[in-house]
Each structure stands twice: as structure tokens, then as C-alpha cells.
1. Answer with yes or no whether residue 71 is part of a strand (DSSP E or B) and at pLDDT 85 or above.
2. Are any residues in the stretch 20-57 touching a residue at least 24 places away in the same chain (Cβ under 8 Å) and over 19 Å from residue 86 (Cα atoms), and if so, which ones?
3. What number of residues in the stretch 85-120 are at pLDDT below 80 and either buried (at least 16 other Cβ atoms within 10 Å of the Cβ) or more than 30 Å from residue 13 (Cβ to Cβ) (or both)?
4. Scan the stretch 65-74 for residues that are farther than 28 Å from residue 13 by Cα and surrounded by 13 or more Cβ atoms within 10 Å (Cβ to Cβ) and report the count.
């Protein structure tokens, strides 16, 4: 896979990276469209981010390309839009299926971003 990896402020490099391992219950998405969030601009060009190196991007859609254990095989090829906030699935809000109110949400910025998921 190829990725745009941010090594420091204003230091964005196109690199070959290893395809990530897919955890149980997760899928790998081949990105077809990716937006640039207003938060990406200062992270890349002026303020930096939480850690370096990092792969920016968290607003995207694409096609399920591969899957981890527990995911039905028929999901491959399905079109998906990704909500950039990942609920913990264990807090009281998540247990009530109110994931948008999760007390422990992480954002896809904590994982490889869409700049890594674009297969070429």
C-alpha cells in the first residue's frame, strides 16, 4: 500500500507501507473518495499532530476490500461511508445503542488515516 505519512510539520511524504493486520470484527476499506477536513490543514502545515509519524485523513468512503475474523465474507465489495468517530461499545450510552453519545469515543486519527487506505 502507499500512504502519505506526516513526519513533522510540513513534512508529508508518499511512502510504501505494509498492509495493516485486520482485527477481529473489523474490515479494510479501499478508499474511493476522501475529504480534507479543516482540522487536517493545521495538523499538516502549521501545528502538527498528536504524534509523528502519522497518516492523516478521517473522512472517507470506499469499498470493503478485506475482513477480519467474525465479519461475513459477503461484506467484501460493499460500498461504505465511514463515520470518523469510533465508539467504545462498553459505556452506558453505547450499551443503549446511543453510540453518538459515547463517553470514550476515539477518532480515526488515532489509526492509519485515509491517506494510507488508498490502494494503487
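The values are calculated or read from the model by the stated rules, or taken from the named source; none is laboratory data. The structure displayed is predicted, hence computed values, not measured ones. Methodologically, a virtual Cβ is constructed for each residue, glycine included, from the backbone with ideal geometry; neighbour enumeration extends over all protein chains shown.
1. Working: part of a strand (DSSP E or B): no; at pLDDT 85 or above: yes.
Taking the combined requirement at face value, the residue does not satisfy it.
2. 32, 33, 43, 44, 45, 46, 47, 48, 52, 53
3. Residues of the stretch 85-120 that are at pLDDT below 80, as a first pass: 85, 106-120.
Imposing the further condition that a residue be either buried (at least 16 other Cβ atoms within 10 Å of the Cβ) or more than 30 Å from residue 13 (Cβ to Cβ) (or both) reduces the set to 108-109, 112-118.
Matching residues across the stretch 85-120 total 9.
4. Going residue by residue through the stretch 65-74, those that are farther than 28 Å from residue 13 by Cα are 68-74.
Next, from what is left, pick out any that are surrounded by 13 or more Cβ atoms within 10 Å (Cβ to Cβ): 68, 71.
Number satisfying all stated conditions: 2.
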